[in-house]
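Student: There's a structure below that I have some questions on.
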Amino acid sequence: MSLDACAALVQRGDPDRFTALMAAPVAARARLLPLYAFNLELARAPWVSGEPMISEMRLQWWRDIIAERTPRAHEVAAPLHALIQETGLPIPLLDRMAEARRWDIYRDPFADEAAFAAYLDDTGAGLMWASALALGARPEAEAAVRVYGWAAALAAYFRAVPELAARGRIPLVDGRPEAVAALARRGLARLSEARAARVTIPAAIRPALLPGWQTGALLTLAARDPASVAEGRLFLSEAARRGGLLWQALTGRF
C-alpha cells in the first residue's frame, strides 16, 4: 500500500512535522506517516465548514474509521487501518485525539486550565504516544513521552494562537502576558521532567519525539517575551531550526 498520498498531505499541511519525519529512519517513516496524516485530518475537520454539524460529522467519520474492522478505500484511512492492525494501536487513544478536536469547532473558551491541559494531553501528547507505540514503545516509556509531548503541544499551540484568535476563537484561558509567561514556564518544567526521565525512552522510539525539536527554544522565547505569542512573533531562525533538528536526530537528546 502506497504512503505517497499521506506524505504529500503532511508535507503540504504540516511542514514542520514533515521536516521532522524526514530526519527519522526510513522504516520509522512508514509507521509514522499514517498517524501524522490522520492527525492532520482531525485538525482540519473543525474548519471544513461554518456549520458545526458538518464538522461534527467529519470528526465522527474518523472516529468510526478507527473503530472499523474492515478498511475503507481512502488515502489516509486505508494505511491507518493497516497500521492499527499491524501494531495494535489502542483505539481509545486515537478516539480521544478525535474527540478533543470538538473544542475547535465552537467559539466557547476552555472551561479552565485543567480543560486546556487535557486538550494538549489528548491531542499533541496523545499523538506522540501513539507514534511511540507504533514504533514499539513499552508502557514504562509512556510517562516521559507524554510529558514531552505535552510540552511540545504547548509550544505548537502558542504558534497557532494568532490564527485561532483571527478565526474568532478564545485560544487561552488567560491571555495576559504574565499568564502566558507562566504557562510557558509550566511547559519548560514539563520539558525538564521529560529530560530527567529520558533513560526510559529507548532509541528505537526516539524518532517519534523528533516533531518536538523546537520545544525548548520556543517555550524559552515565550517565557521571555510572552507578547510574541499573540503577535505571531514566536519562531526560530532557519539556522536554529535546522541545527536543533539535526542535533536531536543525531543525539536523541531533546
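Read-outs: derived from the displayed coordinates by stated rules, not from any lab. Bear in mind the structure is a predicted one, so any value in this text is a computation, not a measurement. Virtual Cβ from ideal backbone geometry, glycine too; neighbours counted across all protein chains shown.
Student: If neighbour count is taken as other Cβ atoms inside 10 Å, put ARG17, ARG167 in order from fewest to most.
Tutor: ARG167, ARG17
Student: Pick from ARG195, ARG206, ARG242: which residue has the top mean-square fluctuation in a GNM of the chain where Cα pairs under 10 Å get a spring?
Tutor: For the chain, modelled as a Gaussian network with Cα springs under 10 Å, the answer is ARG242.
Student: Want the number for GLU238 to THR251: 0.36 nm per residue separation, take away the alpha-carbon distance, what's left?
Tutor: Using 0.36 nm per residue and subtracting the Cα-Cα distance, I get 2.7 nm.
Student: Need the C-alpha centroid separation for the range 39-102 versus the range 162-214, integer Å.
Tutor: So the separation of the two Cα centres works out to 24 Å.
Student: Could you work out how much longer the chain between GLU68 and ARG138 gets when fully extended? Use 0.36 nm per residue separation minus the Cα distance between them, nm to one decimal.
Tutor: Gain on stretching GLU68 to ARG138: 22.7 nm.
Student: Report the label-to-label distance for ARG198 and ALA227 in nanometres (one decimal), using points 7 Å from each Cα along the Cα→Cβ vector.
Tutor: In this crude spin-label approximation the distance works out to 3.5 nm.
Student: Kyte-Doolittle cut-off -0.5, length cut-off 30 Å along the helix's own axis using Cα: show which whole DSSP H helices in the chain pass.
Tutor: Span-like helices here: 142-166.
Student: Let me ask something else about it. Sorting SER192, SER131 on the 10 Å Cβ count, fewest up front, what's the list?
Tutor: SER192, SER131
Student: For a Förster distance of 45 Å, can you work out the FRET efficiency between the beta-carbons of ARG176 and ASP4, rounded to the nearest 0.05?
Tutor: That pair, ARG176 with ASP4, gives E of 0.50.
Student: In the range 163-254, if every C-alpha pair distance is counted and binned at 10 Å from zero, what percent goes to each bin?
Tutor: 15, 40, 32, 13, 0
Student: A further question follows. Can you tell which of ALA23, LEU59, PRO139 lies farthest toward the positive end of the dipole of the range 4-251, using +1 and -1 charges on the Cβ of basic and acidic side chains (Lys, Arg; Asp, Glu)?
Tutor: ALA23
Student: To continue, here is another question. Given the options PRO79, PRO207, PRO52, state which has the largest fluctuation in a GNM of the chain using a 10 Å cut-off (strictly under) for Cα springs.
Tutor: PRO52
Student: Taking the dipole about the Cα centre of the chain, with the C-beta of Lys and Arg at +1 and of Asp and Glu at -1, give me whichever of TRP47, LEU188, ALA230 is farthest to the positive side.
Tutor: Among TRP47, LEU188, ALA230, the one farthest towards the positive end of the dipole of the chain is LEU188.
Student: Order these by the 10 Å Cβ neighbour count, fewest first: LEU218, LEU245.
Tutor: LEU245, LEU218
Student: Sticking with this structure for a sec: Any chance you could run the full-extension gain for ALA27 through ALA82? It's 0.36 nm times the residue separation minus the Cα-Cα distance, nm to one decimal.
Tutor: Fully extending the segment from ALA27 to ALA82 adds 18.3 nm.
Student: Next question. Say we join alpha carbon atoms closer than 10 Å with springs in a Gaussian network model of the chain; which of ALA223, ALA73, ALA144 then has the biggest fluctuation?
Tutor: Greatest mean-square fluctuation among the candidates belongs to ALA73.
Student: Now, a different point. Considering the convex hull of the alpha carbon atoms of the chain, report its projected area averaged over all viewing directions, in nm², one decimal.
Tutor: It is 12.7 nm².
Student: Same structure, new question: Under the rule of -39500 (n - 2.57) per DSSP H run of 4 or more residues, summed and divided by the residues of the chain, what mean residue ellipticity at 222 nm is obtained, to the nearest 500 deg cm²/dmol?
Tutor: That comes out to -20500 deg cm²/dmol.
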